[in-house]
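Trainee: Below you'll find the structure I mean.
The numbers here are math on the coordinates, done by the rules we state, and not lab data. These figures come from a predicted structure and were not determined experimentally. Virtual Cβ from ideal backbone geometry, glycine too; neighbours counted across all protein chains shown.
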Amino acid sequence: MNATLPSRWCVATVTSAAFANGTHVLLRSFLRHNPWFTGTLAVIHGPQEPTPDVLRSLPNVRWHPVSDELGRSLTDTNSAEVAQKARRFYSLEIFRLREFERVLYLDSDIVCTGDARGLFDMEGALLCSPDQAHFWRRARDRTTYVPQVRPFAPPGTVFASTFNSGLMRLTPALLAESTFADLLGRIATRDWRAIRTGHSVSVVLNDHFSGAWTELSERYNYLISKGMLRYRRPRAPVAEAVFLHFIGRPKPWEAQSRETIFNEEHQRALNAWDDEAARCVPPMAW
């Protein structure tokens, strides 16, 4: 594997009409902070959805409609829980991008604020940052996905550690060719009525890759959420973050997002998002 060919690298995300402004800021901010990147921008979208006009001026874009295989899997589960959150599973399409040497997946509610070259140079099949349960020192229940206190959880009933699926760096050649099919199978076999946290694709991914992922520093996926207020230990300085990830609602491009600023990190993150939005060419379409 030659990790020195940026033209064989890919940055992927999922978009929709509701998330187009977020996608625009994400990809423009990534390109601004990573001028060395000469690879492909893969924009995943629903099979019948038009590609947002605001994204058409981006360089090296590859429009990637959701595959029939994933569409059938989401339909055939006969699960109301999956049907309501079908779009959240679209990120699984990254496991079909096997022609690339490196794939960096980013949720569209992320903004880039630094150089991400180090992520592409690192070795490993799957690189991720921990999710909120990790910072709360909790292990998620395998059936309900509810965080549990580790010492009191019966052996084999919890995931020892779980990752946030909003940022993943893949080396496709190091993953089995059957990975995509295996993930779809887990959608069908999971009892989604038992999930009590609202999570979706994260459950499938953590189930499949349990114990088989490499932990990244939180600076590569700096979580901005009220839930992080429960974490009382010092965090890495927000100024050192390469990616700021606004999990939960409202999103930074939604009007109500400035109505409640819950801490200084949140304010700084919103300021960073606003700064990148102001630099977008063409201008943001509000």
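Trainee: What whole-number distance in Å separates the alpha-carbon centres of region 233-253 and region 189-213?
Mentor: When both Cα centres are located, 23 Å separates them.
Trainee: Quick one: 3J(HN,Hα) in Hz for region 256-265, Karplus 6.51/-1.76/1.60 with θ = phi - 60°, rounded, Gly and Pro as x.
Mentor: 3J(HN,Hα) across region 256-265, in whole Hz: 6, 5, 9, 6, 9, 9, 8, 6, 5, 4.
Trainee: Something else about it: At q = 0.12 Å⁻¹, what is the base-10 log of I(q)/I(0) for region 104-195 according to the Debye formula with one equal point scatterer per Cα and no solvent? Please give it to two decimals.
Mentor: With one equal scatterer per Cα and no solvent, log10 I(q)/I(0) is -0.52.
Trainee: Now a separate question. Project the alpha carbons of region 1-113 onto their principal axes and report the range along each, largest first, in whole Å.
Mentor: Extents along the principal axes, in whole Å: 45, 33, 22.
Trainee: Moving on. Provide Rg over Rh for region 64-135; use the alpha carbon set for both Rg and the Kirkwood Rh (inverse mean inverse pair distance). Numbers along the way, then the final one.
Mentor: Values: Rg = 15.2 Å, Rh = 15.0 Å.
Using only Cα positions, Rg/Rh for region 64-135 is 1.02.
Trainee: For the chain, what is the Kirkwood estimate of the hydrodynamic radius, computed as the reciprocal of the mean inverse distance between distinct Cα atoms, to one decimal in Å? Present the calculation step by step, with values, prior to reporting the outcome.
Mentor: On the way: mean 1/r = 0.0514 Å⁻¹.
Final number for the Kirkwood radius of the chain is 19.4 Å.
Trainee: Modelled label-to-label distance, R233 and H208, 7 Å Cα→beta-carbon offset: nm?
Mentor: 3.0 nm
Trainee: Something else: With the dipole of region 85-139 worked out from charges on the C-beta (+1 for Lys and Arg, -1 for Asp and Glu) around the Cα centre, which of W136, G114, L97 lies farthest toward the positive end?
Mentor: Selected residue: W136.
Trainee: Subtract the Cα-Cα distance of L174 and A17 from 0.36 nm times their separation in residues, and report this length gain in nm to one decimal. Write down the numbers at each step before the final one.
Mentor: Working: separation 157, 0.36 × 157 = 56.52 nm, distance 3.38 nm.
Roughly 53.1 nm would be gained on extension.
Trainee: Relative contact order (percent) for region 112-261, with alpha-carbon contacts under 8 angstrom and 6 or more residues of separation? Intermediate values should be presented prior to the final figure.
Mentor: Numbers: 199 pairs, mean separation 44.9, N = 150.
After rounding, I find 30 percent.
Trainee: Only four residue types carry charge here, +1 at the Cβ of Lys and Arg and -1 at the Cβ of Asp and Glu. Report the dipole size of the chain about the Cα centre in Debye, rounded to the nearest 20.
Mentor: Using only the charged Cβ atoms, the result is roughly 640 debye.
Trainee: To continue, here is another question. Relative contact order for the chain using alpha-carbon pairs under 8 Å, separation at least 6, rounded to a whole percent? Don't skip to the answer; put the middle values down first.
Mentor: Working: 477 pairs, mean separation 62.9, N = 286.
Relative contact order of the chain: 22 percent.
Trainee: Hey, if you drop one equal point scatterer on each alpha-carbon of region 169-235 and run the Debye formula without solvent, what base-10 log of I(q)/I(0) do you get at q = 0.13, 0.14 Å⁻¹?
Mentor: These q points yield log10 I(q)/I(0) values of -0.55, -0.63.
Trainee: P(r) of region 199-267 in 5 Å steps, Cα pairs, percent per bin?
Mentor: Pairs per bin, as whole percents: 3, 13, 21, 22, 19, 14, 6, 2, 0.
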